[in-house]
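Enquirer: Before we start, here is the structure in question, set down as structure tokens.
The values are calculated or read from the model by the stated rules, or taken from the named source; none is laboratory data. Predicted model, so just to flag it, every value in this text is computed and none were measured. Virtual Cβ from ideal backbone geometry, glycine too; neighbours counted across all protein chains shown.
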């Protein structure tokens, strides 16, 4: 079965697990229709003229992992920036790991996209910011269609977040091949400052395809320092789309550090 066909069947199954009366449902449905019409990008498109996805797309990816794998901190601690105190949002094969994470709601929200998309207290932020700056190209639309989990970060105005925030996605190799589609939303209000470190890390040579979308909003005089660390296996492929919206006198910087052998 081709990956596009598998994604169609998976989206139909995904719809059965979510609230179809939610406004997010309409956003997801429209996004999948867009992806279905456009398909995966190819070399006939200007932006992809020199990049082929054919070798990546031929793998038989699991869209929803069938098994849950627990990881112990001792086994993955080398992937953390552990010499400084930090908030942590950790995912294992796309699922939230509470025992590796350290989230907070004390004055700021550092938590899960799944909560933000489903709980009324986050509705105002979601209505005003979610999917407002992500482009409608096929891969971003595909991510939007399956948007369910990732990091949700909201920093109210006049806050300097004293600790950095680490977002780490581990893939364990439990699946022969795995596709992940994390969705992050970062909203930093007036006069606030936050540092965020994001990493995608496969732990085996099993193929993993990550199609990630992050939306960052820096409101007036906000400062956002966003660091992406790429040091993955050769068998891991990362398609990363980060969109930034800035207001007056804000500063948003995205730093990408690529080490070793990595497909991007």
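Enquirer: Taking region 212-239 as the region of interest, how many residues are more than 13 Å from the chain's Cα centre (by Cα), crowded, with 20+ Cβ neighbours inside 10 Å and outside any loop (DSSP other than H, G, I, E, B)?
Expert: 6
Enquirer: Can you spot a residue in region 24-37 that is farther than 30 Å from residue 124 by Cβ and either at pLDDT below 90 or surrounded by 13 or more Cβ atoms within 10 Å (Cβ to Cβ) (or both)?
Expert: So far as region 24-37 goes, yes, one or more of its residues are farther than 30 Å from residue 124 by Cβ and either at pLDDT below 90 or surrounded by 13 or more Cβ atoms within 10 Å (Cβ to Cβ) (or both).
Enquirer: Residues being under 13 Å from the mean Cα position of the chain (by Cα) and either within 16 Å of residue 201 (Cβ to Cβ) or at pLDDT 95 or above (or both): count how many of those fall in region 148-161.
Expert: 5
Enquirer: Can you name the residue in region 41-63 that is in a loop (DSSP other than H, G, I, E, B) and crowded, with 16+ Cβ neighbours inside 10 Å and is also nearest to the chain's Cα centre (by Cα) among such residues?
Expert: 63
Enquirer: Additional query: Taking the condition of being in contact (Cβ under 8 Å) with a residue 60 or more places away in the chain and surrounded by fewer than 21 Cβ atoms within 10 Å (Cβ to Cβ), how many residues in region 110-125 meet it?
Expert: 2
Enquirer: Take residue 207 and tell me if it is more than 13 Å from the chain's Cα centre (by Cα) and buried (at least 21 other Cβ atoms within 10 Å of the Cβ).
Expert: yes
Enquirer: Out of everything in region 126-143 that is in contact with a helix residue (DSSP H, G or I) (Cβ under 7 Å, 6 or more places away or on another chain) and under 23 Å from residue 230 (Cα atoms), what residue ends up being surrounded by the most Cβ atoms within 10 Å (Cβ to Cβ)?
Expert: 142
Enquirer: Further question on the same structure: Could you check how many residues of region 37-74 are in contact with a helix residue (DSSP H, G or I) (Cβ under 7 Å, 6 or more places away or on another chain) and without any contact (Cβ under 8 Å) to a residue 40 or more places away in the chain?
Expert: So the answer is 1.
Enquirer: Would you check if there is a residue in region 185-198 being surrounded by fewer than 21 Cβ atoms within 10 Å (Cβ to Cβ), closer than 26 Å to residue 100 by Cβ and without any contact (Cβ under 8 Å) to a residue 40 or more places away in the chain?
Expert: yes
Enquirer: To continue, here is another question. Can you tell me which residue in region 162-183 is nearest to the chain's Cα centre (by Cα), limited to those that are within 18 Å of residue 86 (Cα to Cα) and surrounded by fewer than 21 Cβ atoms within 10 Å (Cβ to Cβ)?
Expert: Per the stated criteria, the residue is 164.
Enquirer: Given the conditions (1) touching a helix residue (DSSP H, G or I) at 6+ places or on another chain (Cβ under 9 Å); (2) outside any helix (DSSP H, G or I), and given that residue 31 satisfies all but one, which numbered condition is not satisfied?
Expert: It is condition (2) that residue 31 fails.
Enquirer: Continuing with this model, one more query. Looking at region 57-77, is at least one residue in contact with a strand residue (DSSP E or B) (Cβ under 9 Å, 6 or more places away or on another chain), at pLDDT 95 or above and under 27 Å from residue 216 (Cα atoms)?
Expert: So far as region 57-77 goes, no, none of its residues is in contact with a strand residue (DSSP E or B) (Cβ under 9 Å, 6 or more places away or on another chain), at pLDDT 95 or above and under 27 Å from residue 216 (Cα atoms).
Enquirer: Do any strands (runs of 3 or more DSSP E) lying entirely in region 167-211 carry at least 1 residues that are touching a strand residue (DSSP E or B) at 6+ places or on another chain (Cβ under 9 Å) and over 11 Å from residue 94 (Cβ atoms), and which ones are they?
Expert: Ranges flagged: 183-188, 193-202.
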